[in-house]
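To start, the structure itself, in structure tokens.
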Amino acid sequence: MVQSEAHTTLPTDYGTFQAYAFPEGDLCHMCLVYGELDVTQPVLVRFHSKCTTGDVFSSQRCDCRAQLVEAIRIIQEAGSGIIVYLDQEGRGIGLLAKLQAYELQEKHGLDTVDANLALGHPIDARTYDLAIEMLRSLDVSKVTLLTNNPRKLASLERAGFEVSRREVFTGASPFNAGYLATKRERLDHQLPMLLEMASVGADERVIDAI
Ligand SMILES: [Zn+2]
């Protein structure tokens with residue numbers, strides 16, 4: 001069974017979390033627990049894959065940071081929940097490959113799916129097996145998953161979790177509207193059509209809302 005190898009208090013601009021570290025080779029995943037969990041009830045959980053360009057630099061090419069900040073806002077509003085921060089950059093292909101895919105998109109007009117394929121990478125290399133084990137190590141078996149991605153939901157269902165979904169709607173910017181449309185049309189993400197219509201920067205709106 002997976003067990004955390006470090007546990008520490010992590011005060012942040014978004015509140016104080018309990019951080020649990022789960023190494024995997026050179027990688028290190030984290031569970032960031034907010035508030036007092038009641039594991040007899042469904043726990044609000046976000047599986048968030050690391051996105052250096054988005055999470056750290058607020059890149060407008062994707063909606064990662066907006067989704068992360070919105071998930072934290074929902075968890076704070078509810079009083080407790082977990083951000084499972086997975087050390088798998090660029091849907092699992094790594095930072096270099098992600099930037100190369102951006103380059104291809106920029107120069108040749110490929111979308112995020114075709115750019116990954118052109119580079120010889122899978123469309124989505126992410127797995128959630130370890131994330132599920134991390135939740136188990138915190139005694140979590142009932143989850144309300146904060147996601148628009150049905151693959152994440154299905155992986156928890158297959159693992160025998162009692163699971164429901166709550167959408168994380170963050171709006172779109174002129175820079176990520178095409179990316180979001182690809183996620184909806186080619187990766188089965190459950191996103192409303194009107195995302196592409198929005199012109200306000202998603203991050204600004206979400207941060208304002210906190
Ligand atoms: Zn991103």
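A few points about this structure:
- Residue pairs exceeding 19 angstrom between C-alpha atoms, taken from K98/K152; K50/K152; K152/K183; K142/K183: K98/K152; K142/K183.
- The simple spin-label model puts a point 7 Å past each Cα toward its Cβ; for C28 and A125 those points are separated by 2.2 nm.
- Pairwise centroid distance, computed over Cα atoms, of region 20-93 with region 114-147, Å: 11 Å
- Normalised radius of gyration (Cα atoms, divided by 2.2 N^0.38 Å) for region 1-131: 1.16.
- Taking 0.36 nm per residue of sequence separation and removing the Cα-Cα distance, the L99/L117 pair yields an extension gain of 5.1 nm.
- Given their separation in residues at 0.36 nm each and the Cα-Cα distance between them, E77 and F169 gain 31.6 nm when the chain is fully extended.
- Using the rule -39500 (n - 2.57) for each DSSP H run of four or more residues, divided by the residues of the chain, the 222 nm mean residue ellipticity is -10000 deg cm²/dmol.
- Computed lengthening from T9 to E157, 0.36 nm per intervening residue step minus Cα-Cα distance: 50.2 nm
- Over the chain, relative contact order from alpha-carbon pairs under 8 Å, at least 6 apart, %: 21 percent
- Kyte-Doolittle at least -0.5, axis length at least 15 Å by Cα - qualifying DSSP helices, the chain: 64-78
- FRET efficiency for the K107 to T40 pair, using the beta carbon distance and R₀ = 45 Å, is estimated at 0.25.
Coordinate-derived values only; no laboratory data. All of these numbers come straight from a predicted model, not from anything done at the bench. Cβ coordinates were reconstructed from backbone atoms using ideal geometry, including for glycine residues, and neighbour counts include every protein chain displayed.
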